[in-house]
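S.K.: Starting off with a structure, shown below.
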Amino acid sequence: MNRKITFIVNGKKRMLDVDVRRSLLEVLRDQLGLTSIKQGCGVGECGACSVLVDNLLVDACIYLAVWVDGKSVRTVEGESIDGKLSNVQEAYVEEGAVQCGFCTPGFVMASTSFVEKYRGKEINREDICREHAGNICRCTGYKSIVNAVEKSLKGD
């Protein structure tokens, strides 16, 4: 069974006809061509598919697409503006927080959510680690990711 939904993706209004059983991940990748969202574990454990829905971090693999009807979705594709990387993306590059790249888009969205939530508040490295516990990386060892988040909190 299909249903028409209207939502905003990276600032652009979209109207789609979606199968009510399809995940947000499937719709973003297959119908909209947003390939930064990766299918990792498929059960909401690895964070490779992390996106922001109404500025809340969600795992797109276990979030039904019909649930975004009337909402706003942000993916890593929408974080850079006119070719300029976001503060978080720039910090990831500067800190070398990118290895193979598979988990990076999900981590960038988790970090973006964290920075928007905690900028100007007193936090420590443990806070950063705790808030990123839903994202798994097999390449970086996390230190560079935590460094990038710290740098982002000081930026813009």
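The values are calculated or read from the model by the stated rules, or taken from the named source; none is laboratory data. Just so we're clear, the structure is a prediction, and the values are computed from it rather than from any experiment. In this analysis, Cβ positions are derived from the backbone assuming ideal geometry, glycine residues included, and neighbour counts consider all displayed protein chains.
S.K.: Give just the number: which of (1) assigned to a helix (DSSP H, G or I); (2) of a type in the set (Val, Ile, Thr); (3) closer than 23 Å to Gln31 by Cβ does Ile145 not satisfy?
M.R.: (3)
S.K.: Ok, one more. Test Gly106 against the stated conditions and say whether it is among the small types (Gly, Ala, Ser), outside any loop (DSSP other than H, G, I, E, B) and in contact (Cβ under 8 Å) with a residue 24 or more places away in the chain. Walk me through it before giving the result.
M.R.: Numbers: among the small types (Gly, Ala, Ser): yes; outside any loop (DSSP other than H, G, I, E, B): yes; in contact (Cβ under 8 Å) with a residue 24 or more places away in the chain: yes.
Yes.
S.K.: Looking at (1) in a helix (DSSP H, G or I); (2) more than 17 Å from Arg74 (Cβ to Cβ); (3) among the charged types (D, E, K, R), can you tell me which one Glu116 breaks?
M.R.: Single failed check for Glu116: (2).
S.K.: Among the candidates Ala48, Ala97, single out the residue that is modelled with pLDDT under 95, hydrophobic (A, V, I, L, M, F, W, C) and either surrounded by 14 or more Cβ atoms within 10 Å (Cβ to Cβ) or assigned to a loop (DSSP other than H, G, I, E, B) (or both). Walk me through it before giving the result.
M.R.: Working: Ala48 fails: modelled with pLDDT under 95.
Only one candidate qualifies: Ala97.
S.K.: Quick test for you: out of Tyr118, Tyr92, pick the one residue that is of a type outside the set (D, E, K, R), outside the structural domain of Ile62 (by TED's automatic domain parsing) and more than 25 Å from Gln39 (Cα to Cα). Full working, then the answer.
M.R.: Numbers: Tyr92 fails: more than 25 Å from Gln39 (Cα to Cα).
Among Tyr118, Tyr92, only Tyr118 is of a type outside the set (D, E, K, R), outside the structural domain of Ile62 (by TED's automatic domain parsing) and more than 25 Å from Gln39 (Cα to Cα).
S.K.: Considering only residues of region 37-62 that are of a type in the set (A, V, I, L, M, F, W, C) and closer than 20 Å to Lys4 by Cα, which is farthest from the chain's Cα centre (by Cα)? Even if it seems obvious, please write down each step before you answer.
M.R.: Applying the first criterion (of a type in the set (A, V, I, L, M, F, W, C)) to region 37-62 yields 37, 41, 43, 46, 48-49, 51-53, 56-58, 60-62.
Going one step further and asking which of them are closer than 20 Å to Lys4 by Cα, we end up with 53, 60-62.
On the way: Val53: 9, Ala60: 9, Cys61: 12, Ile62: 14 Å.
The residue in question is Ile62.
S.K.: Hey, does region 63-73 have a residue that's in the same structural domain as Phe7 (by TED's automatic domain parsing), free of Cβ contacts under 8 Å to residues at least 24 places away in the same chain and under 29 Å from Met1 (Cβ atoms)?
M.R.: Looking for residues that are in the same structural domain as Phe7 (by TED's automatic domain parsing), free of Cβ contacts under 8 Å to residues at least 24 places away in the same chain and under 29 Å from Met1 (Cβ atoms), one finds none in region 63-73, hence no.
S.K.: In a helix (DSSP H, G or I) and either among the polar types (S, T, N, Q) or not assigned by TED's automatic domain parsing to the domain that holds Thr35 (or both): does that describe Ile128? Explain how you work it out, then say what you get.
M.R.: Details: in a helix (DSSP H, G or I): yes; either among the polar types (S, T, N, Q) or not assigned by TED's automatic domain parsing to the domain that holds Thr35 (or both): yes.
In short, yes.
S.K.: Restricting the first residue to region 122-133 and requiring it to be touching a residue at least 24 places away in the same chain (Cβ under 8 Å) and within 18 Å of Gly47 (Cβ to Cβ), which pairs with a second residue that is among the hydrophobic types (A, V, I, L, M, F, W, C) and surrounded by 13 or more Cβ atoms within 10 Å (Cβ to Cβ) meet a Cβ separation below 9 Å and a spacing of at least six or different chains?
M.R.: As it stands, the answer is His132/Phe107; His132/Ala110; His132/Phe114; His132/Ile145; His132/Val146; His132/Val149, since those pairs meet every condition given.
S.K.: Quick one: which of Arg119, Arg125, Arg74 is basic (Lys, Arg) and crowded, with 18+ Cβ neighbours inside 10 Å? Working first, answer last.
M.R.: Numbers: Arg119 fails: crowded, with 18+ Cβ neighbours inside 10 Å; Arg125 fails: crowded, with 18+ Cβ neighbours inside 10 Å.
Going through Arg119, Arg125, Arg74 in turn, just one is basic (Lys, Arg) and crowded, with 18+ Cβ neighbours inside 10 Å: Arg74.
S.K.: In this structure, is Leu34 at pLDDT 95 or above, under 17 Å from the mean Cα position of the chain (by Cα), not assigned by TED's automatic domain parsing to the domain that holds Asn147 and not in a helix (DSSP H, G or I)?
M.R.: Numbers: at pLDDT 95 or above: yes; under 17 Å from the mean Cα position of the chain (by Cα): yes; not assigned by TED's automatic domain parsing to the domain that holds Asn147: yes; not in a helix (DSSP H, G or I): yes.
Considered against the rule, which asks whether it is at pLDDT 95 or above, under 17 Å from the mean Cα position of the chain (by Cα), not assigned by TED's automatic domain parsing to the domain that holds Asn147 and not in a helix (DSSP H, G or I), Leu34 comes out as yes.
S.K.: Which members of region 68-94 meet the condition of being of a type in the set (Val, Ile, Thr), closer than 26 Å to Met15 by Cα and at pLDDT 95 or above?
M.R.: First, the residues of region 68-94 that are of a type in the set (Val, Ile, Thr): 68, 73, 75-76, 81, 88, 93.
If we keep only those that are closer than 26 Å to Met15 by Cα as well, we get 68, 73, 75-76, 81.
Those that are of a type in the set (Val, Ile, Thr), closer than 26 Å to Met15 by Cα and at pLDDT 95 or above: Val68, Val73, Thr75, Val76.
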